[in-house]
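Have a look at the structure below, then the notes.
Nothing in this text is a laboratory measurement; each read-out follows from the coordinates by a stated rule. Worth saying up front: this structure is predicted, and the values here are computed from it rather than measured. Methodologically, a virtual Cβ is constructed for each residue, glycine included, from the backbone with ideal geometry; neighbour enumeration extends over all protein chains shown.
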Amino acid sequence: MELIKQFDDVTNSEGVYSQICNACVNALAVEKNKLDFNAAIGICGVKGCNNDAEHYINLEK
Ligand SMILES: [Zn+2]
């Protein structure tokens, strides 16, 4: 399973980023080194999830 395919909201401007909520971090078993713990703005980018995002996630790592 490629992690990036779980997202419907990916930014490709400066690197490949999206944002994610804590529930999805746990549900997808995201490695902590992909996360930027600064507060993210907006809605979780995972498909089907509409929670407020807590983290940015780097999808290139
Ligand atoms: Zn989520």
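Summary table below
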read-out: Qualifying residue in region 3-16 (condition: assigned to a strand (DSSP E or B), among the β-branched types (Val, Ile, Thr), in contact with a strand residue (DSSP E or B) (Cβ under 8 Å, 6 or more places away or on another chain) and within 14 Å of the ligand (Cβ to nearest atom)); value: no
read-out: Pairs with Cβ under 6 Å, 6+ apart, first in region 46-61 and at negative phi, second near the ligand (Cβ under 8 Å from one of its atoms) and part of a loop (DSSP other than H, G, I, E, B); value: Asn51/Cys21; Asn51/Cys44; Ala53/Cys21; Ala53/Cys44; Glu54/Cys21
read-out: Residue list for region 26-45, restricted to those being part of a helix (DSSP H, G or I), in contact (Cβ under 8 Å) with a residue 24 or more places away in the chain and either farther than 13 Å from Leu59 by Cα or in contact with a strand residue (DSSP E or B) (Cβ under 7 Å, 6 or more places away or on another chain) (or both); value: Lys34
read-out: Selected residue (only one of Cys49, Cys21 is touching a helix residue (DSSP H, G or I) at 6+ places or on another chain (Cβ under 9 Å) and hydrophobic (A, V, I, L, M, F, W, C)); value: Cys49
